[in-house]
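Participant: Here it is, the structure, as structure tokens.
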Amino acid sequence: MQELSRNMRKKINCWIITEGIAGTENQCLGVAEALGVEPEVKRIMLRQPWLSLSPYLAIEQPWSFSPRIEEPWPDLLIASGRKSIAASRYIKKKSGGKTFTVQIQDPRISQDNFDLIAVPEHDPTRGENVIVTRAAPNRITDQKLEDAHQQFGTFKGIKKPRVAVLIGGNSKDYTLTSNITKKLILRLQHLDAGLMITASRRTGVENTEMLKAAFEDTEHYIWNGTSENPYFGLLAWADYILVTADSASMLSEACTTGKPVYMIAMDKNRPNKEGRIDKLHQTLKKSGCLRDFEGQLAHWEYARLNDSEMVADEIRKRMGL
């Protein structure tokens, strides 16, 4: 496999196209890294009217994209996100079908526009050129965790068991209220464990300040938001991982580590409607990766996710690599 990866680096010209959102870009990077290729990452925006009408306005032109997308076309394109769909379709057409196009996440248009589509189990799209993953492809590998373990060696001094607490925030489906944050803080303070906490921009100023007030200047670690992002280091050093319910990416990444993963409940914006993220929760719980966090920790084992490698294997097979 290592020899194949070295050969692929020499032979396969790969582009990744996204609109620059970290979660979708990391899904593409995870697949490229599993393939052993070194991709060129392109972050594009759409000009009007494509910005408003994509992906349904199927008459892409060179000026549809900012920056412009120009030949020579790659051997392999891995793309994700709504704005990337127009670019995938354009490149497939302009390359005369020579570029093998892979769309990560359900594009919600005809499957004929792509050579391969990778969708998570909770999405309904199925077909001959569709591969179904359990969750979202991602960049977590044993090697990346080992590298992060070395890079963030200062976490060794944190009390065991170490608990990574990954906090997202408000989204289309969920809201992180101050009451939820207060309840979480109380539960965390009652754990006989060392905490490694990171929040995001979506966590909100009020919630972030509550977390800082509770855990700064204690034996626990809370990321200050300005130093190097310790995300991979938290996953590497953690014995347990807690993740808020809003983030499909963080839940998928946590469940790829093989470590016990707990979900931190949040308020649903549409309590009576089951969304795609709710179906992901069900899939992860059914597979044994995920449990609800209710203030206690227990150890269990499960078959870790390997979605990036699954997609990479399918690309190898279909491209004859």
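Participant: Can you find even one residue in segment 23-33 that is of a type outside the set (A, V, I, L, M, F, W, C), in contact (Cβ under 8 Å) with a residue 40 or more places away in the chain and part of a loop (DSSP other than H, G, I, E, B)?
Facilitator: No.
Participant: A follow-up question, please. Look through Asp192, Asp217 and report the one residue that is at pLDDT below 95 and farther than 21 Å from Ala22 by Cβ.
Facilitator: It is Asp217.
Participant: Follow-up question, since we're still on this one. With the checklist (1) modelled with pLDDT of 95 or more; (2) assigned to a loop (DSSP other than H, G, I, E, B) in hand, flag the one item Lys172 doesn't pass.
Facilitator: (1)
Participant: Can you pull out every residue in segment 231-251 that is surrounded by fewer than 21 Cβ atoms within 10 Å (Cβ to Cβ) and either in a loop (DSSP other than H, G, I, E, B) or of a type in the set (Val, Ile, Thr) (or both)?
Facilitator: Asp239
Participant: Could you list, in sequence order, the residues of segment 105-121 that are surrounded by fewer than 21 Cβ atoms within 10 Å (Cβ to Cβ) and in a loop (DSSP other than H, G, I, E, B)?
Facilitator: Listed by number, the residues that qualify are Asp106, Arg108, Ile109, Ser110, Asp115, Glu121.
Participant: Does Ala164 fit the bill of being part of a strand (DSSP E or B) and closer than 25 Å to Ala298 by Cα?
Facilitator: yes
Participant: Is it fair to say Asn272 is closer than 14 Å to Leu166 by Cβ, assigned by TED's automatic domain parsing to the domain that holds Lys183, assigned to a loop (DSSP other than H, G, I, E, B) and modelled with pLDDT under 95?
Facilitator: Criteria not met by Asn272.
Participant: Output the residues belonging to segment 97-118 that are under 17 Å from Gln61 (Cα atoms) and either among the hydroxyl-bearing types (Ser, Thr, Tyr) or at pLDDT 95 or above (or both).
Facilitator: Within segment 97-118, none qualify.
Participant: Could I ask something else about it? Where residues in segment 46-83 are modelled with pLDDT of 95 or more and under 19 Å from Pro107 (Cα atoms), which of them is surrounded by the most Cβ atoms within 10 Å (Cβ to Cβ)?
Facilitator: Checked segment 46-83; the qualifying residue surrounded by the most Cβ atoms within 10 Å (Cβ to Cβ) is Ile78.
Participant: Kindly indicate whether Ser178 is of a type in the set (Ser, Thr, Tyr), closer than 21 Å to Gln27 by Cα and in the same structural domain as Ile264 (by TED's automatic domain parsing).
Facilitator: No.
Participant: Turning to a different aspect of this structure: Out of all the residues in segment 166-220, which are of a type in the set (D, E, K, R) and either touching a Pro at 6+ places or on another chain (Cβ under 7 Å) or in contact (Cβ under 8 Å) with a residue 24 or more places away in the chain (or both)?
Facilitator: Matches in segment 166-220: Lys172, Asp173, Lys182, Arg187, Arg201, Arg202, Glu206, Glu219.
Participant: Before we move on, is Ala213 surrounded by fewer than 17 Cβ atoms within 10 Å (Cβ to Cβ), part of a helix (DSSP H, G or I) and of a type in the set (A, V, I, L, M, F, W, C)?
Facilitator: yes
Participant: A follow-up question, please. Condition first: over 30 Å from Glu60 (Cβ atoms) and not in a loop (DSSP other than H, G, I, E, B). Can you find one or more residues in segment 124-142 that meet it?
Facilitator: Yes, segment 124-142 has at least one match.
Participant: Determine, yes or no, whether Val102 is in contact with a Cys (Cβ under 9 Å, 6 or more places away or on another chain) and assigned by TED's automatic domain parsing to the domain that holds Ile78.
Facilitator: It is true that Val102 is in contact with a Cys (Cβ under 9 Å, 6 or more places away or on another chain) and assigned by TED's automatic domain parsing to the domain that holds Ile78.
Participant: Report the residue count in segment 175-197 for those that are among the hydroxyl-bearing types (Ser, Thr, Tyr) and in a helix (DSSP H, G or I).
Facilitator: Going through segment 175-197 one residue at a time, the tally reaches 2.
Participant: Can you run down the residue pairs with Cβ atoms below 6 Å, 6 or more apart or on separate chains, where the first is in segment 273-284 and polar (S, T, N, Q) and the partner is modelled with pLDDT under 90?
Facilitator: From segment 273-284, the pairs are Thr283/His122.
Participant: Can you tell me how many residues within segment 84-97 are part of a loop (DSSP other than H, G, I, E, B) and either in contact with a Pro (Cβ under 9 Å, 6 or more places away or on another chain) or surrounded by 23 or more Cβ atoms within 10 Å (Cβ to Cβ) (or both)?
Facilitator: Matching residues across segment 84-97 total 1.
The values are calculated or read from the model by the stated rules, or taken from the named source; none is laboratory data. If you're wondering where the values come from, they're calculated on a predicted model, not measured in any experiment. Ideal geometry is used to build each Cβ from the backbone, glycine not excepted, and the neighbour counts take in all protein chains shown.
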